[in-house]
1. Once each part is reduced to its C-alpha centroid, what is the distance from region A:146-223 to region C:1-77 in angstrom?
2. Each residue of region B:132-144 in turn: what ³J(HN,Hα) in whole Hz from Karplus with 6.51, -1.76, 1.60 and θ = phi - 60°, glycine and Pro shown as x?
3. Which distance in nm do the two modelled labels at A:T52 and B:Q9 give, with both placed 7 Å along the Cα-to-Cβ direction?
4. Between A:G95, A:G110, A:G73, where does the largest GNM mean-square fluctuation fall for chain A, given springs only between Cα atoms within less than 10 Å?
5. Using protein heavy atoms only (no ligands, DNA or RNA), what is the total accessible area buried between B and A, 1.4 Å probe, nearest 100 Å²?
6. With every protein chain present, what accessible area does C:E212 have (1.4 Å probe, heavy atoms only), rounded to the nearest 10 Å²?
7. Describe numerically, in nm with one decimal, the distance between label points set 7 Å from Cα along Cα→Cβ at A:K88 and at C:N25.
8. What does the structure give for B:89-95 when I average, per residue, the other chain Cβ atoms found within 10 Å of the residue Cβ?
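The values are calculated or read from the model by the stated rules, or taken from the named source; none is laboratory data. For clarity, every value in this text was computed on a predicted model and none was experimentally measured. With ideal geometry, Cβ positions are generated from the backbone for all residues, glycine too; neighbour counts draw on all protein chains shown. When the accessible area is computed, the model is the full protein with side chains, heavy atoms only, and any ligands, DNA or RNA have been set aside. Shrake-Rupley method; radii C 1.70, N 1.55, O 1.52, S 1.80 Å.
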Amino acid sequence: MMRRSLAIAAAVLFAFAASAAAQTKSIVVASTTSTQDSGLFGYLLPLFKARTGIEVKVVALGTGQALDTARRGDADVVFVHAKSEELKFLAQGFGVKRYPVMYNDFVLVGPHDDPAGIKGSVDIVAALKTLQARKASFISRGDRSGTHIAELKLWKEAGIDISSEKGAWYKSIGQGMGAALNTAAASGGYVLSDRGTWLSFRNKSDLVIVVEGDKRLFNQYGVMLVNPAKYPSVKKELGQQFIDWLVSREGQQAIAGYKIDGEQLFFPDAADPDA
Amino acid sequence: MPDNASALQLVLTGDPALVAIVQLALIVSLSAVLFAAVIGVPLGALIALTSFRGRDAVIVLLNTMMGLPPVVIGLAVYLLLSRSGPLGAWGLLFTPQAMVIAQTILVTPIIAALARQTIEDLWTEYRDELAAMSVGPLRRVTTLIWDARFSLVTALLAGFGRAAAEVGAVIIVGGNIDGFTRTMTTAIALETSKGNLPLAIGLGLVLIAIVLAVNAMAWAMRRAAERLAG
Amino acid sequence: MTAGDLPIRFAAVTIEAGTVALLDNVSLALERGAPTVLIGPNGAGKTTLLRAAMGLLAPTRGSITWDGGAQAPPTRRAIVFQRPTMLRRSAVANLRFALAAAGVPRPQHAAATARLLTLVGLEHAAERPARRLSAGEQQRLALARALARDPAVLFLDEPTASLDPASTKAIEDVIRAVSLDGIKVVLATHDLGEARRLAGDVVLLHRGRIVEAAPAATFFGRPGTEEGRKFLAGELLV
């Protein structure tokens, strides 16, 4: 029995070593859960692999975590949607260059019966002010994600010091978009979500979009190569190939081609110098 | 994995993504149990059979480590394997190997603590006879481990159960990468966060069924072997 | 048969456990020859003496020597405990284990186990799990295990204490046979009848001390001490 278990152990170890050695070209991309949950990667990456033979391994975290992962050198490329954080990342020397890729937008979703009475508004700041005044239940991701950062900016624009408001109505859950939507659905609260995750979310329950279309809900995505000067292990050629493809005509068209229920989720804007 | 399929459909049609996930979960957890056994059983035997200063403290510590939160282990291993960590040069982060490492750390205390208890109990029984037959220390250890093998297998199954059910460690060190480091538990976490609750529950049932199957097989083997050996 | 173990000499041996003296200033010699039987009430020190002579217990004071020398690993000594523990394997596997532990080469195991099983009358139970044997069978297996070591000295601690007359006779027959074969038997027993049947020499212990040590015929015919007399009469010793 001893001998047989040792043989199995040896076989397992060997399989491991072999799989580690079997090199398909691959890169690690740190991105966000909302991008993953929207299904974009499931659609885009096979196209990229078919074109280049490069396997893209996406580690999906919140924007803050994704950037931190890149700061530790554990990713080759970082692809998130929080421009101010990305620029900080660059300034700290962790990235090589920021390329705008696409944008989507945020929507405010809430219960169908709209207890705060904000449905149909196109002014997100006014809507948030109303939510605070009415102490309507609001779920925040609270996880330093792109969505969270955008949410905080909007509260600031509304002139509300939201960090002092944590209480019965403003709930910061420290989790991803899906968890926040689940929580809102289960407790009849309002939540800011990216449209991509919202469209592909399967537990909408009685939630609907209550505010959309405000220019301030615009959500820009950028991609950066992690600085190989800081981490020589970064696969810079393969990583750059991915970036080049994303901003190429082919990549941009692919992005535009991704639809859920016939609706386009992401709008390519690599050519926009201000993006 | 198609979002709108039910878990049952995926099982019946042999959906390749589901198969890959199950396979990875089994390989990672079984490998971890194997390595943990190789480390933990001799370690437990050593503590059981030797007396040394601080032995009681070591035993308490070992028993405590059975309850280490997986997410804490995941974080510790992550920091070790990160490129900016001490073992970064190995490039193991976000790979199945990292998941095996984390789960091995998780499971070893369980196996060591249970092995120690089992072997110590048997030693109390066998002590006189082994001394009377002037059995040397190495042979003592192998005799006890062999004669206690059924209880030790139960310890291994406890370890496997723990490994197969946890998500905190594997998701942090594995990254839940589609097609590469996604296991049953991390897939369940993902589908839950996508609001795909029926699929998540279905996958949960599949996971339970797998662990049940492993336990049933182990039990059957034990009954057969017991009949032979008594 | 060489006997690097005999004679076993106890020189003023005291063995203490905490404040209690299990053996108190015991001096005796176990020589080659007919069986030595230890008798005495419960707690007299019979088990302690057996273990010490086997080499499992060290004296607190005094010395024990085996053929004049300090204790070596007890390769030519074997002991059957009062409640022997069966290894969790078959009867014959228990024997094989004992043979291996005694350094008997593997190729000889088959012949040795067959011989031993026949000697103790357990051929029919060879493959049975040892723990499922009856008390008498387990005792016989323990005896076979001890004999597997090809001992020069065989210690037995109340081997028939919980057995029926048939099993008792079986064990006593084996003991008699091996003693005639040259093995020195040192046996502790409660059973005066057994003592009469088997003893060459008798040692009466009481409260850790030797009260009387004499050849069997002498002791049973005319005990030399008051305690000896009382013990034979079945009276309580205080």
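1. Spelled out, the Cα-based centre of one part sits 85 Å from the other.
2. 5, 8, 6, 7, x, x, 5, 5, 4, 4, 5, 5, 5
3. Calculated label separation equals 3.4 nm.
4. Of the options given, A:G73 has the highest mean-square fluctuation.
5. On the way: alone 12390 and 12930 Å², together 23060 Å².
Looking at B and A, the buried total is near 2300 Å².
6. 20 Å²
7. A separation of 8.9 nm, rounded to one decimal place.
8. Numbers: counts 1, 1, 4, 1, 7, 8, 5.
Partner Cβ neighbours, averaged per residue: 4.
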